[in-house]
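A short write-up of the structure that comes next.
The values are calculated or read from the model by the stated rules, or taken from the named source; none is laboratory data. These numbers come from a predicted model, not from an experiment. Cβ placement follows ideal geometry from the backbone for every residue including glycine, while neighbour counts extend to all protein chains displayed.
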Amino acid sequence: MHGAVGLHVTTARFHLDVLQQAGLIRRTAGRAGKPGRPRQLYTVTASAEPREAYRQLAVALTEVLATDPGAGPQLAERAGRHWAQMEIPVEDALSWEEGTRRISDLFERIGFAPRVVDDTAERHLELDACPFRDLARAYPQIVCRAHLGLLRGSLDRLGVPGAEHAGLRPFVEPELCVADVPTP
């Protein structure tokens with residue numbers, strides 16, 4: 001591996017150990033036919049393969065939805081609302097602050113790096129590190145609309161007023177999207 005990626009042998013071993021501990025690769029000893037330490041062979045484990053399969057499924061579904069500019073974005077938002085049903089239990093009306101905190105926690109679990117920012121009219125979640133960034137850049141009308149559905153559906157389930165007025169501004173900067181949560 002070190003020759004293929006240009007890493008020092010010790011650095012390559014360190015990274016391979018991390019991948020092995022994460023269960024993404026398996027190490028086996030090579031044939032012992034030569035003097036010295038046997039070669040170490042690495043193979044991808046089955047647990048690593050579903051991640052690629054999930055990514056491919058996400059791409060396929062997004063591309064199909066994008067073929068219908070009328071229904072595709074609406075279906076994506078419905079999918080986002082359904083995602084909210086899977087992630088957020090129905091709550092009695094939470095405060096605006098608590099609801100926003102719970103939404104921030106959800107987006108963090110998904111893989112965003114959210115920051116809560118307040119101004120006089122709205123609360124914003126600045127969303128860095130979109131885990132779907134490449135797909136969202138190619139198909140913002142689908143991926144970002146699904147995230148909008150997730151936001152609105154989550155606010156609904158948490159009983160936070162104004163869910164329908166929540167908005168999402170994709171890529172206001174190259175690596176930043178902003179979710180707007182209106183004040184009650």
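Observations, loosely collected:
- Residue in the stretch 62-102 that is farthest from ASP118 (Cα to Cα), counting only those that are exposed (fewer than 12 other Cβ atoms within 10 Å of the Cβ) and either touching a residue at least 60 places away in the same chain (Cβ under 8 Å) or of a type in the set (S, T, N, Q) (or both): THR67
- Single unsatisfied condition, ARG115 versus (1) surrounded by fewer than 23 Cβ atoms within 10 Å (Cβ to Cβ); (2) assigned to a loop (DSSP other than H, G, I, E, B): (2)
- Checked across the stretch 81-95, the condition of being outside any helix (DSSP H, G or I) and under 30 Å from ASP17 (Cβ atoms) holds for no residue.
- Residue, modelled with the lowest pLDDT, within the stretch 21-58, restricted to residues that are surrounded by 12 or more Cβ atoms within 10 Å (Cβ to Cβ) and within 23 Å of the chain's Cα centre (by Cα): ALA48
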